[in-house]
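> Take a look at this one; I'll ask things after.
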């Protein structure tokens with residue numbers, strides 16, 4: 001039996017198993033809020049769902065590729081994004097206790113009006129749209145060259161099967177399957193490292209010390225992540241939806257532990273890329289390492305990618321469904337049928353970019369830059385601000401993101417050298433301008 005047949009068995013078997021295990025949501029509370037007769041989601045269920053829904057197929061691919069490019073420094077740079085859990089967990093905890101807000105949309109509508117909430121929803125829709133193609137194209141890469149027939153067949157079948165069990169249970173289904181996927185991911189990660197590390201003459205200490213701590217060799221991206229953690233988590237409804245479904249105290253505890261578990265997972269998986277660096281491999285690090293170590297490793301890598309991609313994709317579908325039917329509708333016309341229709345619509349739209357072969361990492365860096373204007377809005381959430389402050393900050397951030405995406409950011413404004421120097425420059429100047437825009441209406445009032 002050849003390797004590709006085994007890969008298809010893994011993809012089809014795991015997806016069908018998750019479909020069978022997923023509960024059938026019969027009411028809006030279970031479909032949109034994961035409520036059940038047993039009450040709110042518990043600590044381990046919520047924590048595992050947070051972690052695995054952010055351990056995307058694209059995330060671990062990026063972590064490995066950055067380990068290949070920059071050594072362990074690259075892994076640290078990408079792992080820094082997981083400090084987003086710490087920031088969001090603490091801020092949302094205070095927003096719920098001190099402000100009495102029931103969702104991010106509730107906060108924005110109360111403070112800045114419905115139009116502000118709609119603008120925010122447009123931004124997070126772009127994020128969810130990116131999550132579809134950026135994760136499914138990783139799965140396709142294990143079945144064939146980008147643009148080949150096996151590649152497209154794998155993307156299509158995997159996406160359709162994940163949609164099927166998401167339609168069945170919504171957020172309740174997502175949380176349950178997340179717990180299963182998190183346990184499997186943890187086991188597979190240690191099995192992969194257990195196979196990989198003995199194959200090299202390099203010690204664990206050499207893995208940790210690999211790379212150079214300079215701006216042009218990974219630190220640029222690390223600084224970008226440290227800037228974006230104050231805005232990035234708030235444009236991800238997969239994360240923020242989970243911040244309002246359990247008690248504030250339990251939620252804060254889950255977000256705290258999810259931070260360090262997520263960082264550990266990303267750092268450890270970056271060692272796949274560091275191994276590739278030591279061995280002189282080139283290309284997509286997880287694929288190249290798996291192929292170099294034989295059929296067994298290739299199949300293990302395939303399982304871990306399918307697991308992580310499915311966990312993110314089902315969370316993306318359920319979050320978009322809630323956004324369209326609950327958050328934007330303001331509690332009106334909520335129905336399971338409408339929620340499932342919007343899930344299917346996102347699936348179709350989110351798959352189209354795969355035809356144009358975009359870069360996986362751009363799904364994180366570009367969308368993260370476009371929302372840097374959220375930082376002053378949430379950092380200063382306690383202090384009522386003029387509506388103009390919100391719009392200035394958000395639109396300035398979007399403008400910088402568009403300049404970056406279109407390659408129009410002036411070279412003269414790039415002040416950092418090397419790879420990601422332009423990205424760091426955009427985010428630094430953009431963040432400063434967003435804060436200045438947010439504070440300007442306050443300053444004008446005093447004049």
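Every read-out reported here was derived from the displayed coordinates using simple, explicitly stated rules and does not represent laboratory data. Values in this document were obtained by computation on a predicted structure and should not be read as measured data. Ideal geometry is used to build each Cβ from the backbone, glycine not excepted, and the neighbour counts take in all protein chains shown.
> Between the stretch 42-65 and the stretch 226-303, what is the separation of their alpha carbon centroids in Å?
That distance is 5 Å.
> Quick one: among 109, 319, 367, which has the greatest mean-square fluctuation in a GNM of the chain with alpha-carbon springs under 10 angstrom?
Highest fluctuation among the options: 109.
> Another question about this same structure. Can you tell me the alpha carbon radius of gyration of the chain divided by the globular rule-of-thumb value 2.2 N^0.38 Å? It would help to have the intermediate numbers written out before the result.
Details: Rg = 21.3 Å, N = 447, 2.2 N^0.38 = 22.4 Å.
In units of the globular-protein estimate, the chain measures up at 0.95.
> Then there is this: Any idea what diffusion coefficient the stretch 242-348 gets from Stokes-Einstein, in µm²/s, Kirkwood Rh on alpha carbon pairs, 37 °C, 0.692 mPa s? The partial results should precede the final answer.
Numbers: Rh = 17.2 Å.
My calculation gives 191 µm²/s for D.
> Also, quick follow-up: Identify which of 250, 268, 122 has the largest mean-square fluctuation in a Gaussian network model of the chain, with springs joining Cα atoms closer than 10 Å.
Answer for the Gaussian network model of the chain: 122.
> Right, next: Under a 10 Å cutoff between Cα atoms, tell me which one of 144, 280, 42 has the largest fluctuation in the Gaussian network model of the chain.
280
> Using helices alone, I'd like the mean residue ellipticity at 222 nm for the chain: each DSSP H run of four-plus residues gives -39500 (n - 2.57), total over residue count, nearest 500.
Values: 20 runs with 324 residues, N = 447.
Calculated from helices alone, the mean residue ellipticity at 222 nm is -24000 deg cm²/dmol.
> Please state the relative contact order of the chain as a whole percent: Cα pairs under 8 Å, 6+ residues apart?
Details: 692 pairs, mean separation 131.9, N = 447.
After rounding, I find 30 percent.
> Taking Cα atoms of the stretch 1-107, Rg/Rh with Kirkwood Rh, to two decimals? Display every interim value, and only then the final one.
On the way: Rg = 19.1 Å, Rh = 17.8 Å.
Checking Rg against Rh, the ratio lands at 1.08.
> Another one. Report the Cα centroid-to-centroid distance between the stretch 75-102 and the stretch 129-164 in angstrom, as an integer.
Here the two parts' Cα centres lie 31 Å apart.
> With a point put 7 Å past each Cα toward its Cβ, work out how far residue 205 is from residue 226 in nm, to one decimal.
Distance between the two pseudo-spin positions: 2.7 nm.
> How long is the stretch 191-233 along each principal axis, judged by its Cα atoms, biggest number first, in Å?
Principal-axis extents of the Cα atoms in the stretch 191-233, largest first: 40, 25, 12 Å.
> Arrange the following residues from fewest to most other Cβ atoms within 10 Å of their Cβ: 176, 119.
On the way: 176 22, 119 17.
The order, fewest Cβ neighbours first, is 119, 176.
> Please give the length that would be gained between residue 348 and residue 12 if that part of the chain were fully extended, namely 0.36 nm times their separation in residues minus their C-alpha to C-alpha distance (nm, one decimal). Write out the running numbers ahead of the final one.
Details: separation 336, 0.36 × 336 = 120.96 nm, distance 2.01 nm.
My answer for the length gained is 119.0 nm.
> Going by C-beta contacts inside 10 Å, put 419, 114, 58 in order with the fewest on the left.
In increasing order of surrounding Cβ atoms, one gets 114, 419, 58.
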